[in-house]
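A quick write-up on the structure given underneath.
The values are calculated or read from the model by the stated rules, or taken from the named source; none is laboratory data. All values reported here derive from a predicted model rather than from experimental measurement. Please note: Cβ atoms are built from the backbone with ideal geometry, for glycine as well, and neighbour counts cover all protein chains shown. When the accessible area is computed, the model is the full protein with side chains, heavy atoms only, and any ligands, DNA or RNA have been set aside. Shrake-Rupley method; radii C 1.70, N 1.55, O 1.52, S 1.80 Å.
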Amino acid sequence: MMKSKRFEPIHEIAATSAKDLSRAMAEAGRKVAELERQLEQLHAYRDEYVRNSTQSAGAIDAVKLQNYRSFLARLGEALSQHLKSLDIARKEFEKRRAQWSEKRMEAETLNRVIDRFRKEERREQREGDDAAMRWMLAARTDTGNA
């Protein structure tokens, strides 16, 4: 069996794995983008809440002030949690990107190896065909001379 044929299934597995990892990386990227969008919305909401609260401040009683501070604290906690989730998502994306990159390089390397084997096989086939042709011509010439 030719070397190129033996490596083709291995290359196919690596290429399929690279495609699967590419999809997983894209999904992780979408998650990062979504979390970043949500984080921007949380920041904007908090900023708007603070802006609106300070504009209508007037006379704030102790209960309203306590509620305001409590709500800001909860918003701060939500932002903190969201930042942690975003950090985890970014790390997951980087992990997936590294796995995809490694598998893609493996598939490309196998493809180059298969191409090299195919070139060698074609060269060997041509050399064999040329040798057979020379042998046949030599045999005819020998037969004609006898």
> Lys/Arg Cβ at +1, Asp/Glu Cβ at -1, dipole of region 1-114 taken about the Cα centre: which of Leu42, Ile88, Val63 is farthest positive-ward?
Replying inline: Ile88
> Along the principal axes of its C-alpha atoms, what lengths does the chain span, in descending order and rounded to whole Å?
Replying inline: 126, 22, 13
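Ignoring any ligand, DNA or RNA, what whole percent of the accessible area of region 9-58 comes from carbon and sulfur when the probe is 1.4 angstrom? Walk me through the numbers on the way to the answer.
Details: 1870 of 3370 Å².
It is 55 percent, rounded to a whole number.
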> Taking springs between alpha-carbon atoms closer than 10 angstrom, which of Gly29, Gly128, Gly76 fluctuates most in the Gaussian network model of the chain?
Replying inline: Gly128
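Using only DSSP helix segments of four residues or longer, with each worth -39500 (n - 2.57), what per-residue ellipticity at 222 nm results for the chain after dividing by its residue count and rounding to 500? If you can, show how the numbers build up before the last one.
Values: 2 runs with 137 residues, N = 146.
That comes out to -35500 deg cm²/dmol.
Could you grab the relative contact order for the chain? Cα pairs under 8 Å, six or more apart, rounded to a whole percent.
On the way: 66 pairs, mean separation 76.4, N = 146.
Reported as a whole number, the value is 52 percent.
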> Just the accessible area for Arg96, please: 1.4 Å probe, Å², rounded to the nearest 10?
Replying inline: 70
> How much accessible area does Asp129 have with a 1.4 Å probe, in Å² rounded to the nearest 10?
Replying inline: 80
>> Under 17 Å from a point placed 7 Å out from the Cα of Gln125 along the Cα-to-Cβ direction: which residues of region 1-27 have their backbone N that close?
In response: 1-8
>> If I build a Gaussian network model for the chain, linking alpha-carbon pairs within less than 10 angstrom, which residue out of Ile114, Ile88, Ile60 has the largest mean-square fluctuation?
In response: Ile60
> Using the Karplus equation 6.51 cos²θ - 1.76 cosθ + 1.60 (θ = phi - 60°), what ³J(HN,Hα) coupling, rounded to whole Hz, does each residue of region 101-107 give in order, writing x for Gly and Pro?
Replying inline: 4, 4, 5, 5, 5, 4, 5
>> If I model a spin label at Ser85 and Arg6 as a point 7 Å from the Cα along the Cα→Cβ vector, what separation in nanometres do I get?
In response: 5.2
> Which value in nm describes the separation of the simple spin-label points at Ala132 and Leu75, placed 7 Å from the Cα toward the beta carbon?
Replying inline: 8.3
> Got a sec to turn the phi values of region 113-128 into Karplus ³J(HN,Hα) couplings, 6.51 cos²θ - 1.76 cosθ + 1.60 with θ = phi - 60°, whole Hz, x for Gly and Pro?
Replying inline: 4, 4, 4, 5, 4, 4, 4, 4, 5, 5, 4, 4, 5, 4, 4, x
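Calculate the FRET efficiency for Ala33 and Arg116 from the Cβ-Cβ distance with a Förster distance of 41 Å, rounded to the nearest 0.05. Each step should come with its number before you reach the end.
Details: r = 40 Å, r/R0 = 0.99.
After rounding, the FRET efficiency stands at 0.50.
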